[in-house]
Amino acid sequence: METTESKRQQVIEEFRKRGLRITKQRIAIAEAIFSEDGHHSIDELYRKVQEKVPHLGYATIYRTVRLLVDCGFVTEQRFETGATRFDTDPRDHDHLICLQCGRIIEFTSPEIRRLQESVAEAHRFRIMKRKHELYVNCQEMLKNGECPHRDL
Ligand SMILES: [Zn+2]
Ligand SMILES: [Zn+2]
């Protein structure tokens, strides 16, 4: 896993290359995203960045995150539970989402990939984009009838 510091440098370099302004706010937002792997909502980032840079506007966070998407540092995920999330994992992967708490687990399965390829091939199509989401009751929900996890 790359460090926050190396990601921060990559972001600065990419912004510079694209002629985007490099501000203290934008850097703080990038740091907030990359300090923790996962699927961040704008609300979470807002709370996290506010600790470091007070008076930061919601719109600034939103715009900066969009820039990070455009630059390919994060991907946008619209799960059916809750708000849009921004995913820091650059690898090709799928998601399990707990319907009770919105907890998101990542997985990869070469076998599923192969099946997807063969289905597309059978129709002579080429897969350009994938989205595979399973909406589940997590283990705790099944065992105790309640899910202790909050949507992180
Ligand atoms: Zn993910
Ligand atoms: Zn759960």
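Each reported figure results from applying straightforward, stated rules to the coordinates on display, with no laboratory input. Since the model is a prediction, treat every value here as computed from it, not as a measurement. In this analysis, Cβ positions are derived from the backbone assuming ideal geometry, glycine residues included, and neighbour counts consider all displayed protein chains.
Residue count for the stretch 7-44 satisfying the condition of being closer than 16 Å to Gln77 by Cβ and away from ligand 1 (no atom under 16 Å from the Cβ): 2.
What number of residues within the stretch 64-80 are among the basic types (Lys, Arg) and touching a Lys or Arg at 6+ places or on another chain (Cβ under 9 Å)?
Residues in the stretch 64-80 being among the basic types (Lys, Arg) and touching a Lys or Arg at 6+ places or on another chain (Cβ under 9 Å): 1 in total.
Name the residue that is farthest from Glu76 (Cα to Cα), counting only residues in the stretch 126-137 that are away from ligand 1 (no atom under 16 Å from the Cβ) and surrounded by 10 or more Cβ atoms within 10 Å (Cβ to Cβ). That would be Asn137.
Picking from residues in the stretch 73-98 that are touching a helix residue (DSSP H, G or I) at 6+ places or on another chain (Cβ under 9 Å) and without any contact (Cβ under 8 Å) to a residue 40 or more places away in the chain, the one that is farthest from ligand 2 (Cβ to nearest atom) is Asp92.
Just checking, how many residues over the stretch 32-45 are surrounded by fewer than 18 Cβ atoms within 10 Å (Cβ to Cβ) and assigned to a helix (DSSP H, G or I)? Summing the residues that are surrounded by fewer than 18 Cβ atoms within 10 Å (Cβ to Cβ) and assigned to a helix (DSSP H, G or I) in the stretch 32-45 gives 2.
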